[in-house]
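Reviewing the structure listed below.
The values are calculated or read from the model by the stated rules, or taken from the named source; none is laboratory data. None of the values given here were measured: they were computed from a predicted structure. When the accessible area is computed, the model is the full protein with side chains, heavy atoms only, and any ligands, DNA or RNA have been set aside. Shrake-Rupley method; radii C 1.70, N 1.55, O 1.52, S 1.80 Å.
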Amino acid sequence: MLKRTTFFAYSVLAYLTFLGTFLYAIGFIGNIGVPTSLDGPPAGSVITALAIDALLLTLFALQHSIMARKWFKDRWTRVVPRPIERSTYVLFSSLALILLFWQWQPLGGTVWAVDNSWGQVLLYGGFAFGWGLVLVSTFLIDHFDLFGLRQVWLYLLGRPYTAHQFVTPGPYRLVRHPLYLGWFFAFWMTPTMTVSHLVFAVATALYILVAIQFEEHDLVREHGMAYESYRQHVPMLVPSLFRPRSSNVAAHTPLPSKR
């Protein structure tokens, strides 16, 4: 029982770390009430700052993708007990982001600046919509399973872990990756696009597009023709007004940034 309680406490700590990181990320990207943010004047050489930022983004991308692959998890769970594997992934992802927040080097410069009040409202609204879509998407696919709490809760109760059925809740009927779509809104909707923000937005957009390929490969391997059919009927990121959707297609995307 002590082992189960310890695992549960560890997972709660990992989740709280994620929650704090998520809230800080909103302020970091939106320049809202946090001590460090994407934007600001360069503190030194722009080339050095760009190299540091590129290294931080690469570190996060590698951690986030490699630890999500099946071949890595099969080896990793020989060291980390399976009930806390997901929580450990969440904790490592949060730590990689905390490092990025801490060491990010602003580059200065302005790419665009929207002064019109209605334009600002529209862009800030898109920014808020993106974060909201990200959060809602996690709950639609089981927020607590996604961040490792369901796994340790079942382990605490002595019950086996069972994966969820293959379904398409809400926005998953419109696009295959609504959570990723939310990130695009969160990263690109800003009335003032600085060089730093643009570097971050472009890098994360490229990462998302590459990560989707790896994730969908895993989903096809896991769900076979069910996901193939889903992929044929539902667009990846941009909802289609003309492409017919089949009500018989059932699919569950575990999280664009999860697996």
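Summary table
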| quantity | calculated |
| --- | --- |
| Alpha carbon convex hull of segment 54-161, volume per residue in cubic angstrom | 145 |
| The chain, Cα convex hull volume normalised per residue, Å³ | 141 |
| Rounded accessible area of Arg231 (nearest 10 Å², 1.4 Å probe) | 80 |
| Solvent exposure, largest accessible area first (probe 1.4 Å, DNA, RNA and ligands not counted), of Val111, Val134 | Val111, Val134 |
| Distance cut-off 19 Å, percentage of C-alpha pairs in segment 20-71 lying past it | 46 |
| Solvent exposure, largest accessible area first (probe 1.4 Å, DNA, RNA and ligands not counted), of Ser117, Ser65, Ser11 | Ser117, Ser65, Ser11 |
| Sum of -39500 (n - 2.57) over DSSP H runs of 4+, divided by residues of the chain (222 nm, nearest 500) | -21000 deg cm²/dmol |
| Built amide H within the under 5 Å cut-off of Val111, gap 5+ | Met193, Thr194, Val195 |
| Helical segments meeting 18 Å axial Cα length and Kyte-Doolittle -1.0 threshold in the chain (DSSP H) | 2-30, 46-66, 85-103, 117-140, 195-223 |
